[in-house]
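Please see the structure below; I have some questions.
The values are calculated or read from the model by the stated rules, or taken from the named source; none is laboratory data. Every value quoted in this text rests on a predicted model; they were computed, and no experiment measured them. With ideal geometry, Cβ positions are generated from the backbone for all residues, glycine too; neighbour counts draw on all protein chains shown.
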Amino acid sequence: MTMIKRCFNLFAAAIIIFSAPARLLAQEAAATPLSKVEKKNRAPVSKEVLEVKLQRPIERKLSNGMTVLILEDHRFPAVVTEFHVRGAGALFEPEKQRGLASVTAEMLREGTKTRTSRQIAEQMDRLGASLWASSGFGSVETAVGASGLRDNFDAWFGIAVDVLLHPTFPELELNRMKQRIKVQLRQQRSSSGFLADERFARAVFGSHPAAIVSATAESVDAITPAALAAWHRERFDPAKTILGISGDVYAAELMPKLEKWLAPWPRRGIDTALPANPAPVASRRIFVVDRPDSVQTTVTMGNIAIDRRSDDYVPMVVMNQILGGGSAARLFLNLREEKGYTYGVYSGFSAGEYPGPWRAGGNMRTEVTEGAFKEFFHEFRRIRDEKTPAAELDDAKRSVVANFALALEQPARVLGFAVARKIYGLPDDYWDTYPAKVMAVTADDVERVARKYLDPATAQIVAVGDARQIKPVLEQYGAVEVYDNLGNVVAPPMPVKAAP
């Protein structure tokens, strides 16, 4: 995945982490607990607000309606490109063809009218370039990206254009991919993280297409080369596409080439209207996904919150940083450092073109599930009902600004900010003023958005674990629905047998 994509996901669509990598967990386990560290507050800290003025990309239109954003940066002899094909995302898939968008994206590299999949891979490898394509569930778009050196830009970008415009979707390669996907579908049913995500998405999104987080074996079997070709022909529209280019290029020289290479791509006139926005669920519901004899419980809880254009976005960023945005946040310090219930626990929210959920969660030992839930709700109530202390608020805001400043070191990330600004219709100076907006967030703002969006009384709660042990715990908070790992409702589990 390119730096553009990582940045776009981080700053434009979601700020959400629920499990730390194993290497990080090992480091955390060996480190001195944060609760035992004495903060001297002697480090030099500037009280000035970060002032930035991001380079504006050059924006042009091709004759077929494609928007082109070019960010010239001549410090390094490298170029990153990325097509955001709007309207070709999984959000628009037919109900019985789940996975069609993602399989189409993956199959783009499996052959064109002039190249086989092997030739594509070998040619890109010889050029020292990379090529990728993806379309995740819930996404509005398919993204196709390529990167490489300036000196052979025409060669590797030409392959990327060929892949984008002239895929053939060979049946042999598709059948191989379908077999791999079906193996993955079976494997993911053993992942507590996937099971929690699946049940949570269905709980908060209801009938909205974003409730779907995975294909099924049946929907994969229904995908044919003809279906892929039709999806590509009907949904890949240059007039709905944004092409971002960052690196050692000159716009004046590049635009005639882009016109030549991409003009054959005809407009489609597709409808990209989004479904009606999902609304927050009005009352608390509790779901258990049964994994008999599991030694841990995977918890996810939350509800629909905001979209990316919301005026509450920046206060939500700061509030989340305080509540569960990292290892210095309240949830982590409480449930991991003080109570020792878990290696990591976090919160976050997803804000895209339609409202997404705030959520909190983590993995904890089965026997401490009850204690963990009490602390979750304690922290929810605390950030809703108590003013955040000035020092804690200031630390959180400076952490957000520092992370933003680090992102500015990469030209591709700056271009990602520009693409996000274009997609969401944000003001031209949005990112220039972002640090000041963060630093202007007050304790009242934090309390206000917490009370508005983090309501324990309407939280949708999902717990994946041994239902015999955790269902009685969760019944303290309301009626519990139990599912198996295939998503089927099951009869109430047998009570835990008393030890002999």
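With the structure loaded, tell me whether D445 is of a type in the set (D, E, K, R), at negative phi and not in a helix (DSSP H, G or I) or whether it fails that test.
Considered against the rule, which asks whether it is of a type in the set (D, E, K, R), at negative phi and not in a helix (DSSP H, G or I), D445 comes out as no.
Out of all the residues in region 241-255, which are surrounded by fewer than 23 Cβ atoms within 10 Å (Cβ to Cβ) and out of contact with any helix residue (DSSP H, G or I) (no Cβ under 8 Å at 6 or more places or on another chain)?
Across region 241-255, the qualifying residues are D248, Y250, A251, A252, E253, L254, M255.
Same structure, new question: How many of the residues in region 127-146 are in a loop (DSSP other than H, G, I, E, B) and closer than 18 Å to R86 by Cβ?
Residues flagged as in a loop (DSSP other than H, G, I, E, B) and closer than 18 Å to R86 by Cβ within region 127-146 amount to 6.
Give V144, V161 a once-over and let me know the one that is in contact with an Asp or Glu (Cβ under 8 Å, 6 or more places away or on another chain), hydrophobic (A, V, I, L, M, F, W, C) and at pLDDT 95 or above.
The unique qualifying residue is V144.
Any idea which residue in region 161-194 is nearest to A282 (Cα to Cα), counting only those that are in contact with a Lys or Arg (Cβ under 7 Å, 6 or more places away or on another chain), in a helix (DSSP H, G or I) and not small (G, A, S)?
Out of the qualifying residues, it is V163.
For residues that are of a type in the set (D, E) and not in a helix (DSSP H, G or I), scanning just region 89-126, find the one that is surrounded by the fewest Cβ atoms within 10 Å (Cβ to Cβ).
E95
Step by step: first the residues of region 69-80, then only those that are touching a helix residue (DSSP H, G or I) at 6+ places or on another chain (Cβ under 6 Å) and part of a strand (DSSP E or B), then the one that is farthest from I423 (Cα to Cα). Which residue is that?
V79
Filter region 476-500 for residues that are at pLDDT 65 or above, farther than 17 Å from I461 by Cα and surrounded by 10 or more Cβ atoms within 10 Å (Cβ to Cβ) and give the result.
V490
Considering every residue within region 426-443, establish whether at least one is modelled with pLDDT of 95 or more and touching a strand residue (DSSP E or B) at 6+ places or on another chain (Cβ under 6 Å).
There is no residue in region 426-443 that is modelled with pLDDT of 95 or more and touching a strand residue (DSSP E or B) at 6+ places or on another chain (Cβ under 6 Å).
Cβ-Cβ under 6 Å, sequence separation 6+ or interchain: first residue in region 223-242 and under 11 Å from T104 (Cα atoms) and at pLDDT 95 or above, partner of a type in the set (D, E, K, R) and surrounded by fewer than 23 Cβ atoms within 10 Å (Cβ to Cβ). Which pairs?
Qualifying pairs under 6 Å: P225/E171.
Now for a separate question. Tell me which residues, restricted to region 297-316, are among the small types (G, A, S) and either within 17 Å of the chain's Cα centre (by Cα) or crowded, with 20+ Cβ neighbours inside 10 Å (or both).
G302, A305, listed by residue number.
Criterion first (over 24 Å from the mean Cα position of the chain (by Cα), more than 30 Å from R75 (Cα to Cα) and touching a residue at least 40 places away in the same chain (Cβ under 8 Å)) does T168 satisfy it?
Yes, satisfied.
For every residue, the table says whether it meets (1) touching a Leu at 6+ places or on another chain (Cβ under 9 Å); (2) more than 19 Å from S399 (Cα to Cα).
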| site | (1), (2) |
| --- | --- |
| A263 | yes, yes |
| P278 | no, yes |
| S327 | yes, no |
| R336 | yes, yes |
| F349 | no, no |
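Anything in region 379-396 that is surrounded by 22 or more Cβ atoms within 10 Å (Cβ to Cβ) and either basic (K, R) or outside any helix (DSSP H, G or I) (or both)? List them, or say none.
If the condition is that a residue be surrounded by 22 or more Cβ atoms within 10 Å (Cβ to Cβ) and either basic (K, R) or outside any helix (DSSP H, G or I) (or both), then T388 is the only one that fits.
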